[in-house]
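Quick note: the coordinates plus some simple rules give every number you see, no bench work behind them. Remember, it's a predicted structure, so these values are computed and weren't measured experimentally. Every residue, glycine among them, receives a Cβ derived from its backbone with ideal geometry; neighbour counts consider all protein chains shown.
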Amino acid sequence: MEKHPLAWIGTALRWSTGLLAALALFGIMFLTLFDVLGRKFLNHSIPGALEMTEIGMVMVIFGAMPLVSWRSEHVVFDSLDPWIPSWLKGIQARLVHLVCAGAFGFMGWLLMQRAARFAEYSDITVHLQLPLSPVASLMAWLLVATAVVHAAFVLLPPQTHSHLEQMQENTP
């Protein structure tokens with residue numbers, strides 16, 4: 001099958017945000033395992049395990065969003081689809097992607113402002129004293145990346161979007 005010109009975006013997202021989310025989930029898994037083993041057998045938990053888990057969850061959730069959006073694997077409300085005429089479905093899809101792009105872009109902008117405020121006030125976590133600004137900045141940039149994915153789907157013809165989904169099913 002011929003590769004679509006935009007196939008590199010799916011590959012780039014898989015190797016960047018997908019890998020970030022996978023490694024963070026793996027890290028949370030091992031942190032939890034060793035924390036539980038330490039509490040059970042040594043009567044001592046890992047200091048700051050909760051904070052590390054929280055930061056890891058941020059990386060899992062926000063890291064997965066651009067890839068989930070690119071693959072259209074998000075929750076879809078399709079109860080009304082049988083009654084929507086086919087000529088309207090393309091317009092509806094673009095409108096939904098436009099709203100999503102605007103919402104994710106706005107949230108990214110708000111988080112960038114919050115990250116700047118965290119940096120200005122030198123906000124840190126309670127136990128490990130880790131700066132909050134880099135975490136908020138990462139969240140903001142991943143939201144912006146998700147907004148860009150949705151904006152691309154506004155501009156792409158609907159058949160291109162479905163072609164990309166089919167192409168991704170055929171790539172390892």
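Please report 46, 84, 55 as a ranked list, fewest other C-beta atoms within 10 angstrom at the top and most at the bottom. Spell out each step's value before the answer.
Numbers: 46 16, 84 12, 55 21.
Fewest to most other Cβ atoms nearby, the residues stand as 84, 46, 55.
Can you match percent of Cα pairs over 20 Å apart to one of these, (i) 51; (ii) 84; (iii) 62, based on a calculation from the structure here?
Label of the calculated value: (iii).
With 10 angstrom as the radius, rank 78, 123, 35 by how many other C-beta atoms surround their C-beta, starting from the fewest. Don't jump to the answer; show the numbers that get you there.
Values: 78 8, 123 15, 35 18.
Taking fewest neighbouring Cβ atoms as first place, the list is 78, 123, 35.
Using a Förster distance of 35 angstrom, determine the FRET efficiency expected from the C-beta separation of residue 154 and residue 120, and round it to 0.05.
Details: r = 34 Å, r/R0 = 0.99.
The value I calculate is 0.50.
Neighbour counts of other C-beta atoms within 10 Å: give me 58, 68, 149 arranged from fewest to most. Walk me through the numbers before you get to the answer.
Working: 58 16, 68 19, 149 25.
If I rank by nearby Cβ atoms, fewest first, I get 58, 68, 149.
Within a Cβ distance under 15 Å of residue 87, other residues only, what is the Lys/Arg minus Asp/Glu net charge?
Numbers: positive: 89, 94; negative: 81.
Once all neighbours under 15 Å are counted, the net charge is +1.
Using the Karplus curve 6.51 cos²θ - 1.76 cosθ + 1.60 with θ = phi - 60°, what ³J(HN,Hα) values do you get for each residue of the stretch 31-38, in whole Hz, with x for Gly and Pro?
For the stretch 31-38, the Karplus curve yields 4, 5, 4, 6, 5, 5, 4, x Hz.
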